[in-house]
Amino acid sequence: MTRELKIQNNLTRKKEVFKTIEPGKVKFYSCGPTTYDFLHIGNARALVVGDLFNRVLKAFGYEVNFVRNYTDVDDKIIDRARQEGRDALEHAAIFVKECETDMNSLGMMPATHTPKVSETMPEIIQMIQDIIKNGKAYETEGEVFFHVPAFHDYGKLSKKDLDSLQHGIRVEVDGRKKHPSDFVLWKPAKPGEPSWDSPWGKGRPGWHIECSAMAKKFLGNTLDLHHGGVDLMFPHHENEIAQSEAANNCPFCNNWAHNEFLNFGSEKMSKSLGNVIKIRDFVEKYGGQVLRHVLLSVHYRARLEWSEEVIQRAIDEVKRIHEFALEAKSYKAGGDYSSPEISECIDKMMDELANDFNSAGAMGHFFSFLRNVKGNKDQLSPASLEQVQKTLKFVEEALGLVNKDPQAVLEILKKLEQDTSSSGIDATQIEALIEERKVAKAAKNWARADEIRKELAQKNIVLKDNPDGSSSWTVQG
Ligand code: AMP
Ligand code: ZN
């Protein structure tokens, strides 16, 4: 590797030069989605950031073994399947397929392995046995708990210590636990739930153990890089470390990276807050290229505030990039023009990406390049022309911000323009305002909620609040 890649390592809370266990090879794990419903654009941020890491590592010449799991056994899946009158595993399988459709629409490169919990039971059970054997877990009435005080490094990622944790935890009535921080590794089956045979009777794993077991199965005992949303740092990632190190007696992972949230109206976009936009719905209207562009236009460690302006800027940029990509196919060398913007663009983008995956910085250089090439397109030297094609290829491969089929991207945007101009109403903008009003109402910010109602009224939109808490809208004739 000629260029050093630096990554903010949340284990040390420092930006560090990335070193791998085996030269030239990266063992990379990213926590994937729970497949109980359609994914929302907050989930998309985590997925696209994982994809960015995978692509950039490859651009740096690494061979990447990239594992991203599906949580297909989980309480939320069981509850939702019951509501829908489906078997839980069948319900999860349907949404694994739907997730794959969404990931494809976001132009994600396939991961090396995409394991599911339901297919990893022998490894999960073996790992729990190893933890018990090493004295860090115990069984009681068919349930297995990890004993947190037995693992002295607990809290090394989240920087929490056991004493402060204990203060935070309500004294639990659960007399089966030896310590209130102990967490479940295996739980006994309840009627109607999916279950597997184990040395502790029929049951299913707790959430955290799956990632420890899948990481070990495909990457070995020690990983180079682990990623997930910032909400997963505690307890999920802390517990992954505890389980893996207790089972394997060696460090679990050398680098931990977390993406920040996608926020909506100053709150995290999440199902429980009811302020979600599904990937599927957004992509149907704007195409996946626009969503990908929004998500990579901000550094992964910065919060991303979802707004109409952010979407509009992404639409404009995606249009410029793809009009350029299309036009550049027919460029000819017509002179001897060269410039640093053209000859050094890839290098500069690599420098930005080497600085903790700064996709936004890399895009800045790409736009300088684009302006410079367009301004001199008739005088490009043969070397400059070659560099134009190489640079487009680089952005396509390392960032996925140039689509292989620029024409298809432009057609979606053209249709969008026609729809907006024919109705004079931008439905997404209205829905965004309605969502913001819902968040404002939940926060008892009545002034903002009223302001939004008025703003909508000025656009001739009539709002109707439904009994289930949702709002529908119509255009006044
Ligand atoms: P879940 O299906 O809730 O377990 O989430 C799957 C992944 O999406 C995790 O890595 C979460 O951290 C991430 N995630 C969920 N909501 C958001 C959000 N609003 N912004 C960024 N990442 C999110
Ligand atoms: Zn995980």
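The values are calculated or read from the model by the stated rules, or taken from the named source; none is laboratory data. Here the structure is a predicted model, which means the values were calculated and not measured. A quick note on method: Cβ atoms are made from the backbone with ideal geometry, for glycine too, and the neighbour counts reach across all protein chains shown. Heads up: the accessible areas ignore ligands, DNA and RNA and are worked out on the full protein's heavy atoms, side chains in. Shrake-Rupley method; radii C 1.70, N 1.55, O 1.52, S 1.80 Å.
Here is how the numbers come out for the structure above:
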quantity: Accessible area of the chain belonging to carbon and sulfur atoms, whole % at 1.4 Å probe; calculated: 49 percent
quantity: In order through the range 435-449: 3J(HN,Hα) via Karplus (6.51 cos²θ - 1.76 cosθ + 1.60), integer Hz, x for Gly, Pro; calculated: 4, 4, 5, 4, 5, 4, 5, 4, 8, 6, 8, 5, 4, 5, 4
quantity: GLU267, GLU90, ranked by accessible area, largest first (probe 1.4 Å); calculated: GLU90, GLU267
quantity: Cα centroid separation - the range 82-130 against the range 318-387, whole Å; calculated: 40 Å
quantity: Surface accessible to a 1.4 Å probe, per residue, for the residues of the chain, Å²; calculated: 45 Å²
quantity: Positive-end residue of SER421, GLN407, CYS345, charge dipole of the chain with Cβ unit charges; calculated: CYS345
quantity: With DNA, RNA and ligands ignored, accessible area of ASP347 (1.4 Å probe; Å², nearest 10); calculated: 80 Å²
quantity: Dipole-positive endmost among ILE131, GLY61, LEU89 within the range 6-259 (Cβ charges, Cα centre); calculated: GLY61
quantity: By accessible area with a 1.4 Å probe, ligands and nucleic acids excluded, highest first: order of ASP224, ASP405; calculated: ASP405, ASP224
quantity: SER272 accessible area, 1.4 Å probe, all protein chains in place, Å² to nearest 10; calculated: 110 Å²
quantity: The chain - mean residue ellipticity at 222 nm from DSSP helices (-39,500 (n - 2.57) per run, n ≥ 4, rounded to 500); calculated: -14500 deg cm²/dmol
